Amino acid sequence: MNSQDPSCQQQLEALKEEYEEFAYIVSHDLKAPLRAIHNLSAWIREDLGEGLDPDIQNNIHLLQHRTERLERMINGLLLFSRVPRYDLEVREVNVENLVTQWVADQGPDVPAKVHTAHLPTFTTYARKLETVLHHLLQNALKFNTQDTPEVWVEAAEQESQYVFTVKDNGIGIPPDSHSKVFKIFYSVQPKEQQENLGVGLSISRKIIQFVGGSISLESEAGQGATFTFTWPKTVKEPAL
Amino acid sequence: MKSKQAHILLVEDNPLDVATTKRAFLAQGVENPIHVAQNGKIALDMLLGRGRPALWPIPQIILLSLDLPGTGGLEFLKELRNSPQLKACMVFVMTSQGSESDMTEAYELNVAGYIVKPIQYSSFLETIATLHSFWNLIELPN
């Protein structure tokens, strides 16, 4: 594609706009009928009164559970569509503090150990970097069956960018799933087993692409996972 | 006036959301008379007595959906605040999705609260219970 060609550029802009509008409308307008389904099933249960057949009760419970899951998926889609338009304030961020604060916020019940090294302080899209690190840290602890889950967050400085790595001692990701984990709503574990939606890594990758970096993954099943991403030192104007 | 007797105007076009609100009122023992308008224009007609007798007493509490056919919620709110006899009405926005700009605009028009309607009926019951206890706490003019 020739980026000098104005009609091509215009088409791209129009497509981008259409895509973002689509995602917004989908997330916005799907909520009303979803609320209706949830409400109606709650009323049916209420109106059937006490002593309901356990099968019916269980089915209504499953129905409501799925509606709630669908709501969270819609919210995830909304967050995903908002990446280029929200949290655009640029300010100084101390990455070391950001990580230690996140760990502190998890409370004393989380027995995790988080090690940090060479984390920089620099001026960038602070909320966006925070979102990416939160998702990676969250995954590192969530998909972890060790008595003491451990995470290593490090950074290396290069000429125009930082290379961040987030490494854990968790359950790891089988190699055949590596290309899929960044897809929205994809999850390695079967849907029945987990509450996880599969949006965190999609949003993270979208943010990283937005700022002009890239993300990759190294992992074997049972061997922990290492996510590596690059993040430019200086903010370039978003291509809106 | 005791806010228990205050009339309530619900501006909402979705019949199921109207039914949800009425059902929740009943479940939470909210006895305030409730009127329903399907959009902002009808709501203003009812409040100002345009082409029909005006509601009396004036509903001091308005539950307002933003996404309405015809005259939308924010347009309604602007007209309400411009009207000498209606500008004191207390308005709660009840919407399905919070948009930052809608929220800012609504608060600039002095809404008493901006509420995103929860998916779960049980959460909506709690919302209504909280509003109800708030109405019982405060005094309203008239």
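The values are calculated or read from the model by the stated rules, or taken from the named source; none is laboratory data. Just so we're clear, the structure is a prediction, and the values are computed from it rather than from any experiment. Virtual Cβ from ideal backbone geometry, glycine too; neighbours counted across all protein chains shown. The protein model used for the area step is the full one, side chains on, heavy atoms only, and it has no ligands, DNA or RNA in it. Shrake-Rupley method; radii C 1.70, N 1.55, O 1.52, S 1.80 Å.
Is there a residue being surrounded by fewer than 16 Cβ atoms within 10 Å (Cβ to Cβ) and either among the small types (Gly, Ala, Ser) or not assigned by TED's automatic domain parsing to the domain that holds A:Arg127 (or both) anywhere in the range A:200-213? Checking the range A:200-213: not a single residue is surrounded by fewer than 16 Cβ atoms within 10 Å (Cβ to Cβ) and either among the small types (Gly, Ala, Ser) or not assigned by TED's automatic domain parsing to the domain that holds A:Arg127 (or both). Here A:Asp176 meets each of (1) in contact with a strand residue (DSSP E or B) (Cβ under 8 Å, 6 or more places away or on another chain); (2) in a helix (DSSP H, G or I); (3) without any contact (Cβ under 8 Å) to a residue 24 or more places away in the chain with one exception, condition (1).
The residues of the range A:216-231 that are hydrophobic (A, V, I, L, M, F, W, C) and farther than 13 Å from A:His178 by Cα, listed by number, are A:Phe229, A:Trp231.
Number of residues in the range A:146-170 that are more than 30 Å from A:Lys236 (Cβ to Cβ) and open to solvent by 50 Å² or more (accessible area, probe 1.4 Å): the value is 3. Taking the range A:80-132 and the strands (runs of 3 or more DSSP E) fully enclosed by it, the elements with 2 or more residues that are under 21 Å from A:Leu201 (Cα atoms) and open to solvent by less than 40 Å² (accessible area, probe 1.4 Å) are at A:121-125.
Taken together, the residues in the range A:194-214 that are part of a helix (DSSP H, G or I) and out of contact with any Lys or Arg (no Cβ under 6 Å at 6 or more places or on another chain) amount to 11. Give the residues of the range A:68-101 that are closer than 30 Å to A:His115 by Cβ and within 12 Å of another protein chain (Cβ to nearest Cβ), sorted by residue number. A:Asp87 - this is the single residue of the range A:68-101 that is closer than 30 Å to A:His115 by Cβ and within 12 Å of another protein chain (Cβ to nearest Cβ). Just so you know, in the range B:107-124 the residues that are over 11 Å from the mean Cα position of the chain (by Cα) and small (Gly, Ala, Ser) include one that is nearest to the other protein chains (Cβ to nearest Cβ), and it is B:Ser122. With the structure loaded, tell me whether A:His65 is in a helix (DSSP H, G or I), within 14 Å of chain B (Cβ to nearest Cβ) and surrounded by 12 or more Cβ atoms within 10 Å (Cβ to Cβ) or whether it fails that test. Against the criterion (in a helix (DSSP H, G or I), within 14 Å of chain B (Cβ to nearest Cβ) and surrounded by 12 or more Cβ atoms within 10 Å (Cβ to Cβ)), A:His65 does not qualify. The set of residues in the range B:40-70 that are in contact with a Lys or Arg (Cβ under 8 Å, 6 or more places away or on another chain) and open to solvent by 30 Å² or more (accessible area, probe 1.4 Å) contains only B:Gly70. Counting only helices (runs of 4 or more DSSP H) that fall entirely inside the range B:1-96 and contain at least 2 residues that are within 14 Å of chain A (Cβ to nearest Cβ), within 24 Å of B:Ala129 (Cα to Cα) and in contact (Cβ under 8 Å) with a residue 24 or more places away in the chain, the qualifying elements are B:15-27.
A:Gly51 fulfils the conditions (1) free of Cβ contacts under 8 Å to residues at least 12 places away in the same chain; (2) within 18 Å of A:Val199 (Cα to Cα); (3) not hydrophobic (A, V, I, L, M, F, W, C) except for a single criterion, (2).
On inspection, A:Asn97 does not qualify as of a type in the set (S, T, N, Q) and either modelled with pLDDT under 90 or not assigned by TED's automatic domain parsing to the domain that holds A:Gly212 (or both).
Within the range B:83-111, the set of residues being open to solvent by 30 Å² or more (accessible area, probe 1.4 Å), farther than 18 Å from B:Gly40 by Cα and not acidic (Asp, Glu) comprises B:Ser101, B:Thr104. All of A:Ile208, A:Ile171, A:Ile203 fail the test of being over 29 Å from A:Leu62 (Cα atoms), touching a residue at least 40 places away in the same chain (Cβ under 8 Å) and β-branched (Val, Ile, Thr), apart from A:Ile208. Which members of the range A:1-57 meet the condition of being among the aliphatic types (A, V, I, L, M), away from chain B (no Cβ under 14 Å) and farther than 22 Å from A:Phe210 by Cα? A:Leu48, A:Leu52, A:Ile56 - these are the residues of the range A:1-57 that are among the aliphatic types (A, V, I, L, M), away from chain B (no Cβ under 14 Å) and farther than 22 Å from A:Phe210 by Cα.
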